[in-house]
Each structure stands twice: as C-alpha cells, then as structure tokens.
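So the structure is just underneath, and the comments pick up after that.
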Amino acid sequence: MSKQSHKRYRERRQLRLREEMIRGMKESRDSIAQLRSIWPAAFPAKSDLVRPLALRLISVIAARMGWGHWYARGVLRGWKARDAYCNAVLRHGQRFNLDGDPVDEVVDDEAKELARQQLARNAKRRIKNGERAAQLKASSEAASIEAAPAIS
C-alpha cells in the first residue's frame, strides 16, 4: 500500500469512527435508558443521585452492550455533557464505578474545569434556543394576525 493510499484509508477510517461517535451522541438519550436498566446506580434518573464515573469504562460498557467503542464513547459523551453530570463532578471529590461504589480515583481540577466549561456551553445553548423560540413565537403571532379576517 502506498503512502498516499494508506493516508486516504486512515482518513476514511477516522471519518467512520467520528460518525459512529456522533451517532452515539445523538442516540444518547435512548441508549442511556438501556444503560440505566443494567447499571441504575451509575446512570440514575434523578439528577441529585448522579455521580462522577470512574475513568476508562468505555470498553466495559461497549462489551456488555454489544456496542462499538466509538458508539459507546459518544453515548457517554452525551451523558457527561448533561448539567446533572457536570454538577456531580463539581460536587464530588471521588469517582464511582458502574455499580455505584466509590473507587480510588479522584475528580481532579482539570475535570472540574471541563465541567464548568460544559455548564457554560449548556447555559449559552439554552439562552440561544430560548431566543430562537421567542423569535418563532413572535413571527407565528404576527403571521396569525395578518391572516386573521378583518372585523367590520
């Protein structure tokens, strides 16, 4: 295989893996429900029960669920981007395994900073979506006023 064809192969492979991770992120909500049925302590429905997960769990989850590594990575990325998870990272100093038991891993300052950044992105997205919804509502109301029959 020439260098050029090997480079194209690697680029196509990276694109497929990235697409698989994005698919996992998009399907995260449904996939988290599946994870919750197996590991309810690691993926609780109540936000105040969420705990920071131990590191390097992607392979364990992927193997148990029959998912690809990159898909599982995307699902976990979706879980970890939630406000509840970010707040858990800021609240707790220790990480937890899939059974909900504490492990000998601490939540370091870098993880806390990443959680703060994600919370800021989430807040910005909510504001942007709120503004967009207000604009749509205003344009919808304006269109209904124009379409309303005149009262004589």
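Got a sec? Which of Ala81, Ala115 is at pLDDT 95 or above, within 25 Å of Asp30 (Cβ to Cβ) and buried (at least 18 other Cβ atoms within 10 Å of the Cβ)? Steps first, answer last, please.
Values: Ala81 fails: buried (at least 18 other Cβ atoms within 10 Å of the Cβ).
After ruling out the rest, the residue left standing is Ala115.
Taking the range 52-80 as the search range and keeping residues that are in contact with a strand residue (DSSP E or B) (Cβ under 9 Å, 6 or more places away or on another chain) and aliphatic (A, V, I, L, M), which one is farthest from Ile38 (Cα to Cα)?
This residue is Leu55.
For the range 42-83, name all the residues that are among the charged types (D, E, K, R) and either within 16 Å of the chain's Cα centre (by Cα) or under 16 Å from Val107 (Cβ atoms) (or both).
Passing the criteria: Arg51, Arg56, Arg73, Arg77, Lys80, Arg82, Asp83.
Can you pull out the helices (runs of 4 or more DSSP H) entirely within the range 1-70 that have at least 3 residues that are modelled with pLDDT of 95 or more and on the phi < 0 side of the Ramachandran plot?
Details: elements: 3-26, 28-38, 58-65.
Those helices (runs of 4 or more DSSP H) span 28-38, 58-65.
Can you tell me how many residues within the range 84-117 are closer than 25 Å to Glu20 by Cα and under 15 Å from the mean Cα position of the chain (by Cα)?
Count: 6.
Can you tell me which of Ser47, Ser31 is within 24 Å of Arg125 (Cα to Cα), crowded, with 18+ Cβ neighbours inside 10 Å and polar (S, T, N, Q)?
Ser31
Say whether the condition of being charged (D, E, K, R), assigned to a helix (DSSP H, G or I) and touching a residue at least 40 places away in the same chain (Cβ under 8 Å) is met by at least one residue in the range 72-79. I'd like the intermediate steps shown before the answer.
Of the residues in the range 72-79, the ones charged (D, E, K, R) are 73, 77.
Remaining after also requiring assigned to a helix (DSSP H, G or I): 73, 77.
If we keep only those that are touching a residue at least 40 places away in the same chain (Cβ under 8 Å) as well, we get 73, 77.
Yes, the range 72-79 has at least one match.
Out of all the residues in the range 84-111, which are assigned to a helix (DSSP H, G or I) and either within 18 Å of Leu49 (Cα to Cα) or among the polar types (S, T, N, Q) (or both)?
Ala84, Tyr85, Cys86, Asn87, Ala88, Val89, Leu90, Arg91 - these are the residues of the range 84-111 that are assigned to a helix (DSSP H, G or I) and either within 18 Å of Leu49 (Cα to Cα) or among the polar types (S, T, N, Q) (or both).
Which of the residues that make up the range 57-71 are in contact (Cβ under 8 Å) with a residue 40 or more places away in the chain and farther than 16 Å from Glu27 by Cα?
Result: Leu57, single match.
Condition check: crowded, with 18+ Cβ neighbours inside 10 Å and either part of a helix (DSSP H, G or I) or not hydroxyl-bearing (Ser, Thr, Tyr) (or both). Does Ala138 satisfy that?
no
How many residues does the range 96-115 hold that are out of contact with any strand residue (DSSP E or B) (no Cβ under 7 Å at 6 or more places or on another chain) and under 15 Å from Leu57 (Cα atoms)?
Going through the range 96-115 one residue at a time, the tally reaches 5.
The values are calculated or read from the model by the stated rules, or taken from the named source; none is laboratory data. Small disclaimer: the values here were computed from a predicted structure and weren't measured. A quick note on method: Cβ atoms are made from the backbone with ideal geometry, for glycine too, and the neighbour counts reach across all protein chains shown.
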